[in-house]
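Below: one structure, written as structure tokens.
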Amino acid sequence: MGIRKLGYVGLRVTDVDAWTDLLGRTLGVGVSHAKSGTDEVVLAEMDEFKYRVALYPSTEDGPRELGWIVDTPGELDRLTQRLADAGYRVADGTAEEMELRGATRLRWFTDPVGYRVELAVGEAKVRLGVDRPPGGPGVTGLGHFVLASPKVEELRELYESVLEFKLTDYRAPGLFFFRCNRAHHSIALASAEAPSIHHLEFEHASIDDVGRAYDRAKANDVPISISLGRHMNDKAISFYVRNPSGFHLEIGCGGIEVGDDWVPHDFGRSDEWGHHHVSPNPFAVPNS
């Protein structure tokens, strides 16, 4: 009970057209358009629900909101009380915000690094299916994100102690993976000098879908920032591209699920194979 999954991410973006091109031509993700105040918002359609990523035109790039789906109104009230007891000010979302997100209830608060975190009840199904690229299902959903910050301990306290996420595993000196369902992780927290989203992960149905996306990225001159590889901890096979906002999108499949008997542990090196970084890896273990 409580938070069930990662529902959506809203991004402020300076180049909506470049994002739309990346989503459509390379990742096979369709988009729709909606109004938020006077702005037109681009909504990335990954499954039968309304959207998973929202792109808001802006003069700067960065996260706008991080949205988690909560099981029931009663659980939303319970989590609201836990947040209030921990010193967070929780506010109700507006009717316009609930309509855009397809939610029946919506509350939000500001996390220790200043990001807006939303808790939503309800997801609006708006289609039977989505258009897919030739050859396979392609993108099937939004998997996880990695949040880098100088306030990792405060964020750990929020997600683990207040919002009741479970620690799956970790890697010294400051990288922690948390889950809210059976997926290995829905959020990871990493030590960094400045807050940012290191990457968002788009789930794919198979290694063939990942491979086809890799071929389209090469053909469309999309910058591949981390090469194809398999992670050590969740066993996912993936590659990463640099998106128009400057951070990574992970294109992956095959992440493991874990149960309540899972024991958190340091998983040592980051990868089974591959995942070579074009730029220095900010989370590399020193002298490894």
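The values are calculated or read from the model by the stated rules, or taken from the named source; none is laboratory data. Computed from a prediction, not measured in an experiment: that's the story for all the values here. Every residue, glycine as well, gets a Cβ built from its backbone with ideal geometry; the counts of neighbours run over all protein chains shown.
Per-structure values
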{"quantity": "Arg12 surrounded by 15 or more Cβ atoms within 10 Å (Cβ to Cβ), under 21 Å from Cys180 (Cα atoms) and not assigned by TED's automatic domain parsing to the domain that holds Glu164", "calculated": "no"}
{"quantity": "Candidates Thr80, Thr104, filtered to the one that is under 21 Å from Arg179 (Cα atoms) and either hydroxyl-bearing (Ser, Thr, Tyr) or not assigned by TED's automatic domain parsing to the domain that holds Lys151 (or both)", "calculated": "Thr80"}
{"quantity": "Per-region count, region 192-236, residues crowded, with 18+ Cβ neighbours inside 10 Å, in a strand (DSSP E or B) and in contact with an Asp or Glu (Cβ under 9 Å, 6 or more places away or on another chain)", "calculated": "7"}
{"quantity": "Filter result (of a type in the set (Gly, Ala, Ser) and exposed (fewer than 14 other Cβ atoms within 10 Å of the Cβ)) within region 27-60", "calculated": "Ser32, Gly37"}
{"quantity": "Subset of region 1-49 [under 16 Å from the mean Cα position of the chain (by Cα), free of Cβ contacts under 8 Å to residues at least 60 places away in the same chain and within 19 Å of Leu128 (Cα to Cα)]", "calculated": "Leu43, Ala44"}
{"quantity": "Cβ-Cβ under 7 Å pairs, at least 6 apart or on other chains, region 73-87 side under 8 Å from Val162 (Cβ atoms) and of a type outside the set (A, V, I, L, M), far side assigned to a helix (DSSP H, G or I) and at pLDDT 95 or above", "calculated": "Arg82/Val162"}
{"quantity": "Residues that are touching a residue at least 40 places away in the same chain (Cβ under 8 Å) and either among the aliphatic types (A, V, I, L, M) or outside any loop (DSSP other than H, G, I, E, B) (or both), drawn from region 171-191", "calculated": "Arg171, Ala172, Leu175, Phe177, Arg179, Ala183, Ile187, Ala188, Leu189, Ala190, Ser191"}
{"quantity": "Among the residues listed as Ala188, Ala183, Ala148, Ala236, the single one being modelled with pLDDT of 95 or more, more than 15 Å from Leu22 (Cα to Cα) and in contact with a Cys (Cβ under 7 Å, 6 or more places away or on another chain)", "calculated": "Ala236"}
{"quantity": "Candidates Ile224, Ile251, Ile197, Ile187, filtered to the one that is more than 17 Å from the chain's Cα centre (by Cα) and of a type in the set (Val, Ile, Thr)", "calculated": "Ile224"}
{"quantity": "Matching residues, region 132-170, being among the aliphatic types (A, V, I, L, M) and part of a loop (DSSP other than H, G, I, E, B)", "calculated": "Leu163"}
{"quantity": "Selection count, region 38-68, where residues are in a strand (DSSP E or B), closer than 22 Å to Val113 by Cβ and of a type in the set (Val, Ile, Thr)", "calculated": "1"}
{"quantity": "Residue within region 251-269 that is crowded, with 16+ Cβ neighbours inside 10 Å, in contact with a Phe, Trp or Tyr (Cβ under 6 Å, 6 or more places away or on another chain) and assigned by TED's automatic domain parsing to the domain that holds Glu193 present", "calculated": "yes"}
{"quantity": "Residue in region 74-86 that is hydrophobic (A, V, I, L, M, F, W, C), part of a loop (DSSP other than H, G, I, E, B), in contact with a helix residue (DSSP H, G or I) (Cβ under 9 Å, 6 or more places away or on another chain) and over 29 Å from Ala18 (Cα atoms) present", "calculated": "yes"}
{"quantity": "Residues of region 156-181 classified as more than 22 Å from Asp271 (Cβ to Cβ), under 16 Å from the mean Cα position of the chain (by Cα) and of a type outside the set (Ser, Thr, Tyr), total", "calculated": "3"}
